[in-house]
Amino acid sequence: MHIVAIVGSLRAKSYNRVLVIEAQKLLGPDVTLSIAEIGDLPLFNEELDPADESTTPASVLRLRQQIREADAVLIATPEYNHAPPGSLKNALDWASRPFMKSALAKKPVAAFSAGGGRFGGVRSLVMLRTMLYGCRMLVMPSPELMVNLSETFKDGELVDPKVRDSLREFVAALVVWAQR
Ligand SMILES: Cc1cc2nc3c(=O)[nH]c(=O)nc-3n(C[C@H](O)[C@H](O)[C@H](O)COP(=O)(O)O)c2cc1C
């Protein structure tokens, strides 16, 4: 099984990215996980993306291919102004096209949030899940994972064993969800 991860934060030292890299280590030996980079995607413009993809930007084609080749998608999102970052919405909009040929449709997905506030980005996660249904993805209903950053990291490293356990449980559930 192969999981492709999308990190909503573009920061090199993003905590969401750290959690995805940690998730990579928590998966069994028969599951691989790679991160699809979204920082070089242009802003979505339907005119750049004909139905035959003949002039679609290379970075967009790469993202679509990475998702098509994966058995499941893992999304880690921060909360920006009570919502997912624009960069993540932009990536999902690109991946959802061409119309009726979406790389996202019927793809199993699990999303978690990590945020600076005491709610761990839950408002962003709720909004993101609505978007994922709109993309016709198969959204894993539970468990949910919202990570409060202030109690979880020290010097950029994950130090809370309870969060590590929750993350292990979360990605294991995604594997089962994708298999089903
Ligand atoms: C533009 C902006 C808006 C933010 N808004 C929120 C917010 O509404 N709620 C929240 O909990 N944190 C908010 N934050 C804090 C982020 O959750 C925090 O910076 C987090 O570390 C970002 O994730 P990352 O480490 O993966 O980059 C905001 C940060 C930025 C840059």
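Given the criteria closer than 17 Å to residue 174 by Cα, within 12 Å of the ligand (Cβ to nearest atom) and β-branched (Val, Ile, Thr), does residue 20 qualify? Don't jump to the end; show me each part of the working.
Working: closer than 17 Å to residue 174 by Cα: yes; within 12 Å of the ligand (Cβ to nearest atom): yes; β-branched (Val, Ile, Thr): yes.
Answer is yes for this residue.
With the condition being out of contact with any Pro (no Cβ under 9 Å at 6 or more places or on another chain) and β-branched (Val, Ile, Thr), I'd like the helices (runs of 4 or more DSSP H) fully within the stretch 53-148 carrying at least 2 qualifying residues.
Because the criterion is at least 2 residues that are out of contact with any Pro (no Cβ under 9 Å at 6 or more places or on another chain) and β-branched (Val, Ile, Thr), the helices (runs of 4 or more DSSP H) in the stretch 53-148 that meet it are 122-134.
Looking at the stretch 93-133 only, could you name the residues that are open to solvent by less than 60 Å² (accessible area, probe 1.4 Å) and closer than 23 Å to residue 47 by Cβ? Walk me through it before giving the result.
Initial filter on the stretch 93-133 (open to solvent by less than 60 Å² (accessible area, probe 1.4 Å)): 93-96, 98, 102-105, 107-115, 117, 120-122, 124-125, 128-129, 131-132.
Matches in the stretch 93-133: 93, 94, 95, 96, 98, 102, 103, 104, 105, 131.
Within the bounds of the stretch 30-41, is there any residue that is under 14 Å from the mean Cα position of the chain (by Cα), within 16 Å of the ligand (Cβ to nearest atom), buried (at least 18 other Cβ atoms within 10 Å of the Cβ) and not in a strand (DSSP E or B)? First the steps, then the outcome.
As a first pass, look at the stretch 30-41 and keep what is under 14 Å from the mean Cα position of the chain (by Cα): 33-39.
Of the ones still in play, those that are also within 16 Å of the ligand (Cβ to nearest atom) are 35-39.
So of that shortlist, the ones also buried (at least 18 other Cβ atoms within 10 Å of the Cβ) come out as 36, 38.
Checking the rest, the ones that are also not in a strand (DSSP E or B) come to 36, 38.
For the stretch 30-41, residues under 14 Å from the mean Cα position of the chain (by Cα), within 16 Å of the ligand (Cβ to nearest atom), buried (at least 18 other Cβ atoms within 10 Å of the Cβ) and not in a strand (DSSP E or B): present.
Run down 133, 80 and say which single residue is out of contact with any Cys (no Cβ under 6 Å at 6 or more places or on another chain) and either away from the ligand (no atom under 16 Å from the Cβ) or farther than 22 Å from residue 16 by Cα (or both). So that I can check it myself, show each step before the final result.
Details: 80 fails: either away from the ligand (no atom under 16 Å from the Cβ) or farther than 22 Å from residue 16 by Cα (or both).
Answer to the check: 133.
From (1) more than 12 Å from the ligand (Cβ to nearest atom); (2) within 24 Å of residue 162 (Cα to Cα); (3) touching a residue at least 12 places away in the same chain (Cβ under 8 Å), pick out the condition that doesn't hold for residue 49.
That leaves (2) as the condition not met.
With the structure loaded, tell me whether residue 129 is among the basic types (Lys, Arg) and over 22 Å from residue 172 (Cβ atoms) or whether it fails that test. Let's see the steps before the verdict.
Details: among the basic types (Lys, Arg): yes; over 22 Å from residue 172 (Cβ atoms): no.
Criteria not met by residue 129.
Within the stretch 149-173, count every residue that is touching a residue at least 60 places away in the same chain (Cβ under 8 Å), open to solvent by 80 Å² or more (accessible area, probe 1.4 Å) and in a loop (DSSP other than H, G, I, E, B).
0
Against the definition (more than 14 Å from the ligand (Cβ to nearest atom) and of a type outside the set (Ser, Thr, Tyr)), how does residue 68 come out, yes or no? Don't jump to the end; show me each part of the working.
On the way: more than 14 Å from the ligand (Cβ to nearest atom): yes; of a type outside the set (Ser, Thr, Tyr): yes.
In short, yes.
Going through the stretch 42-58 one residue at a time, which ones are among the polar types (S, T, N, Q) and surrounded by 16 or more Cβ atoms within 10 Å (Cβ to Cβ)? Lay out the reasoning, then the answer.
Within the stretch 42-58, the first condition is being among the polar types (S, T, N, Q), and the residues that meet it are 45, 54-56.
56 - this is the single residue of the stretch 42-58 that is among the polar types (S, T, N, Q) and surrounded by 16 or more Cβ atoms within 10 Å (Cβ to Cβ).
Can you tell me how many residues in the stretch 1-29 are surrounded by fewer than 20 Cβ atoms within 10 Å (Cβ to Cβ) and either part of a strand (DSSP E or B) or without any contact (Cβ under 8 Å) to a residue 24 or more places away in the chain (or both)?
Residues that pass the stated criteria total 7.
The values are calculated or read from the model by the stated rules, or taken from the named source; none is laboratory data. On a predicted model such as this, the values are computed, not experimentally measured, just so you know. With ideal geometry, Cβ positions are generated from the backbone for all residues, glycine too; neighbour counts draw on all protein chains shown. All accessible areas refer to the heavy atoms of the entire protein, side chains included, with ligands and DNA or RNA removed. Shrake-Rupley method; radii C 1.70, N 1.55, O 1.52, S 1.80 Å.
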